[in-house]
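Step one of this worksheet: look at the structure below.
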Amino acid sequence: SDLAPPCEHHDRMAEHAKTLAKEGKHLVFCGPRTLDDHGDDAIDIRYDNEGGARQIAAHVVDKGHRNVLLMPGTPNGGTASERLRGFRTALAAGAAQEYGVIETSFDREPAREALLAHLREIVPVGSRPPFSAVLCGTDQVAMGVLDALHEHGLRCPEDVSITGYDDVPSARDLSPALTTIRVPYEELGALAVRHALDDPHADAGVLPVELIVRDSVAAPR
């Protein structure tokens, strides 16, 4: 849902859902709501995307961070928009300041390039930036942020704390291990198949996510 412009993607998916419904089939969406009003043409299997972002941002605020950079991911993407909204809600509730937003794709290298370019503009190599933490929209973005910090002579979490989202298998193997949000992707997939084959109109609710606290977040110095 984050690869095409929102209106274009919405129209394409709505038409696809209607076509399948005419054949007695259903389109299943896993994750953030893709179509605002699709009636009985499609099925939503969702997780608490925005709530997870609030949870991890609140964790960063609780650690004492008050000036936080946001890197939510793809501009105008549904997933990134919900996570950005969750970040902002938690920062406002904790009286923390949003330093700014850097938008990139959800991939590691574009995130590295974007943050490194910004750091080179604002501080000399090895000097701490004005922000003390970076909230990332995915673990891949967080990996790119970690790369950029290292290239600029900065340490995580001593100089800048980092969080991810998704809890990909490699997140625990980073140095430092990544604090992130675990999404129940296996359960999402199982529910999608179950609803598509057995009971397409059953209410799956919203699956919970889990804050995974590791080593990439510490109190700011």
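The values are calculated or read from the model by the stated rules, or taken from the named source; none is laboratory data. As the structure is a prediction and not an experimental result, all values here were calculated from the model. For neighbour counting, all protein chains shown are included, and Cβ atoms are generated from backbone atoms with ideal geometry for every residue, glycine included. Please note that ligands, DNA and RNA were not included when accessible areas were found on the heavy atoms of the full protein model with its side chains. Shrake-Rupley method; radii C 1.70, N 1.55, O 1.52, S 1.80 Å.
Just a few scattered comments:
- Scanning segment 71-100 for residues that are in a loop (DSSP other than H, G, I, E, B) and under 20 Å from ARG182 (Cβ atoms) turns up PRO72, GLY73.
- Residue match in segment 172-190 (condition: more than 18 Å from the chain's Cα centre (by Cα), surrounded by 13 or more Cβ atoms within 10 Å (Cβ to Cβ) and touching a residue at least 60 places away in the same chain (Cβ under 8 Å)): yes
This table checks each residue for (1) open to solvent by 60 Å² or more (accessible area, probe 1.4 Å); (2) modelled with pLDDT under 95.
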| residue | (1), (2) |
| --- | --- |
| GLY73 | no, yes |
| PHE87 | no, no |
| ALA93 | yes, no |
| ILE102 | no, no |
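- Residue check for VAL209: touching a strand residue (DSSP E or B) at 6+ places or on another chain (Cβ under 6 Å), crowded, with 18+ Cβ neighbours inside 10 Å and either farther than 25 Å from GLY51 by Cβ or among the aliphatic types (A, V, I, L, M) (or both): yes
- Looking only at segment 146-158, and only at residues there that are open to solvent by less than 20 Å² (accessible area, probe 1.4 Å) and in a loop (DSSP other than H, G, I, E, B), the one that is nearest to ALA111 (Cα to Cα): HIS152
- Test result for GLU103, outside any loop (DSSP other than H, G, I, E, B) and either more than 19 Å from ALA58 (Cβ to Cβ) or out of contact with any strand residue (DSSP E or B) (no Cβ under 8 Å at 6 or more places or on another chain) (or both): no
- Among all positions in segment 117-127, there is at least one residue which is open to solvent by less than 10 Å² (accessible area, probe 1.4 Å) and either in contact with a helix residue (DSSP H, G or I) (Cβ under 8 Å, 6 or more places away or on another chain) or among the small types (Gly, Ala, Ser) (or both).
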